[in-house]
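Taken together, the values in this text are just the output of simple stated rules run on the coordinates, not laboratory data. For clarity, every value in this text was computed on a predicted model and none was experimentally measured. Reconstructed Cβ throughout: ideal geometry from the backbone, glycine too, with neighbour counts over all protein chains shown.
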Amino acid sequence: MLGAYVGFSVAAHASFWSALVIAPLAVGLAGAALERCLLRCVRPHGHLAELLLTFGAAYLIGKLVKLGWGLSPLAARIPASLDGPLFTLYGAAFARYRAFMIAVSLAMLIALYAVLCVSKAGLIVRAALAGVIGAPLFVIEPSMVESLGSIVFVVVVIGGLGSLSGALVASLLVGCVQTLAVASDVSLGDVLATFGTALPPQWSSLTLAQLAPLIPYALLIAMLVLRPRGLFGRRDDHA
């Protein structure tokens with residue numbers, strides 16, 4: 001969220017490409033200061049203290065964002081060079097900006113892995129960069145952290161705490177399953193009928209597209225029951 005707001009402000013006074021560099025660095029420095037001045041102080045008290053401090057800091061940052069940028073949604077513009085379709089397949093256009101987002105995401109994964117993945121500041125720089133490139137496709141508002149934070153939590157748990165490759169695989173899994181559900185017109189009653197289970201009419205008429213927002217959390221519950229450490233988590237994770 002903070003990366004999106006800082007990127008919006010930088011782009012308004014300079015350019016999108018300037019925001020792509022300045023915003024992640026600025027937010028990364030702020031994150032490094034938070035880690036050095038606060039998180040290191042509570043680390044000897046265990047993960048619970050770190051978690052509570054993180055939630056408190058996130059709440060404070062959210063309030064500061066509301067004071068600084070207000071409550072009104074902000075719309076970030078897509079750069080003219082990245083606007084428009086890249087190609088058309090079976091009548092469906094694939095936007096240039098989405099291809100740019102995929103390329104930047106892969107570049108972050110590959111180029112920053114060896115340098116930054118071992119540090120808290122590196123994680124914050126990547127998150128801020130994601131906020132900058134994702135801003136033109138979303139409405140920038142204070143509540144965006146709540147709407148996206150829950151999905152990020154699902155991806156992290158399914159992939160395994162501390163595993164970058166696990167987060168990548170889990171994000172692809174959740175995204176593909178949810179997209180297939182949205183595009184499906186199959187009803188819940190049809191799915192359960194294949195297992196010999198019947199539901200009341202008001203439940204059986206629900207389609208998978210209507211239930212798509214719940215699917216990531218269903219996957220989360222299934223993962224916690226079957227493999228609590230996630231896809232690539234280790235048995236010695238202390239979370």
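Projecting the Cα positions of Met223, Val174, Leu161 onto the charge dipole of the range 143-239 (unit charges on Cβ atoms of Lys, Arg, Asp and Glu, taken about the Cα centre) puts Leu161 furthest along the positive direction. The trypsin sites (Lys or Arg not before Pro) found in the range 34-88 that occupy coil by DSSP, while having at most 14 further C-beta atoms within 10 Å, are Arg77.
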